[in-house]
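Novice: Have a look at this one.
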Amino acid sequence: MFSNYSRVKASLTLRKLLPTIALSFALPMTLTACDSGAKTESASSDEVVVLRMSHFLPAPSAMNTQALEPWIKKIEEESDGRIKIENFPGSTLSEASETYDAAVNGKIDIGLQLQGYSSGRFPLSQIAELPGMSNSASQMSCIMQSLYDDGTISSEYEDSHVLALYGLGPGVLHSSTVIEEPEDLRGMRIRRPSAVAGDILESMGAAPIGIPANDIYTSLQRGVIDGLSLQWDAVPVFRVNELVNNHTNIPLYSSGFVMNMNKAKYDSLPDDLKKVLDDNSGMVFAKMVGEVISKMDVEALQDAKDAGSNIIDIADPLNDPAWSGPMKKGTQKYLASVSQSGVDAESIYQKVRETSETCKV
């Protein structure tokens, strides 16, 4: 009887100890696995790498359908399916003004953002946005990528892996009333996309208001703004043509874009996959995008003419008696604000002008 009791007690004791014994064997194995994973962050040569890309552009936009989606397809094909890029348009993963930092911080892998949406973050890059620098998306894209490649503005992007910089066509004026001279802008609430455009508009007496492109339609509809500055290709994308039919076709400014990637994510890729991205980035990407947007600018302007909209052409405002004064004043205001940080803004301005000449198409 005593013997049976002892066996039962021993059995119960063993059952209680089994989890502890199992844990004692499992813990070192778990720690070893964790250590191994921490040391091996790079993707293996046959692993499928999924990259999440975020931007504010609407899914139907030409930039998304004619530039980004073909670019994604090309990379996936050239990587033999080992890179898969998930495209999230319309600010579904990151706000328009926070996309660059979202890629830096690893919340997304790839982001596209207007430099002007992060006020004061890219002051050197935005010198290229000043009046007289560019007359087309192709020229602006060449300017932006060239300035990055030669180191003029590269210091502003050291926290990220830059895939490409590119630009849009000139921003022009769209409003409910006719704008023929700077005086017509006095007191008008005009949407501006960046500090550069804001300084130019303010020098003409307008009241610039910072509004993301996705909010333009409702802002016009509700009377929050009287007009806006926007490049031609985006007019049908954001349905501006449904609400206003006065267009002052004047190159007030240009806008730059950066497509950046999380640095650690890029570094973790095998060399052959890095090469696939590299071969389709930089000036190759900038040139492709510039051609797509330039074509859309021409088509959108023609659509406005065909619709009977009122088009006022001011092709060379820097040499126009009415417009040159305010535009030069706005330019100097922006350069002075950049110089306050100790940067020689004037020398960079001259460098951008030289690059503009080189990039003429």
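The values are calculated or read from the model by the stated rules, or taken from the named source; none is laboratory data. This is a predicted model, so every value here is computed, not measured. Note that we place each Cβ from the backbone using ideal geometry, even for glycine, and neighbour counts take in every protein chain shown. The accessibility values were calculated without ligands, DNA or RNA, using every heavy atom of the protein model including side chains. Shrake-Rupley method; radii C 1.70, N 1.55, O 1.52, S 1.80 Å.
Novice: Restrict the check to region 104-126 and report whether at least one residue is under 17 Å from the mean Cα position of the chain (by Cα), modelled with pLDDT of 95 or more and either over 27 Å from MET53 (Cα atoms) or among the acidic types (Asp, Glu) (or both).
Specialist: Yes, region 104-126 contains a residue that is under 17 Å from the mean Cα position of the chain (by Cα), modelled with pLDDT of 95 or more and either over 27 Å from MET53 (Cα atoms) or among the acidic types (Asp, Glu) (or both).
Novice: Take region 95-151 and flag every residue that is open to solvent by 20 Å² or more (accessible area, probe 1.4 Å) and assigned to a helix (DSSP H, G or I).
Specialist: ASP101, VAL104, TYR117, SER138, CYS142, SER146, TYR148, ASP149
Novice: Further question on the same structure: Would you mention how many residues in region 211-233 are on the phi < 0 side of the Ramachandran plot and either without any contact (Cβ under 8 Å) to a residue 24 or more places away in the chain or of a type in the set (Ser, Thr, Tyr) (or both)?
Specialist: Summing the residues that are on the phi < 0 side of the Ramachandran plot and either without any contact (Cβ under 8 Å) to a residue 24 or more places away in the chain or of a type in the set (Ser, Thr, Tyr) (or both) in region 211-233 gives 8.
Novice: Looking at region 162-208, which of the residues that are acidic (Asp, Glu) and assigned to a loop (DSSP other than H, G, I, E, B) is surrounded by the fewest Cβ atoms within 10 Å (Cβ to Cβ)?
Specialist: That would be GLU180.
Novice: Another question about this same structure. Having 2 or more residues that are touching a helix residue (DSSP H, G or I) at 6+ places or on another chain (Cβ under 9 Å) and either open to solvent by less than 50 Å² (accessible area, probe 1.4 Å) or modelled with pLDDT under 95 (or both) is the bar; report the strands (runs of 3 or more DSSP E) wholly within region 243-361 that clear it.
Specialist: 246-253, 256-261
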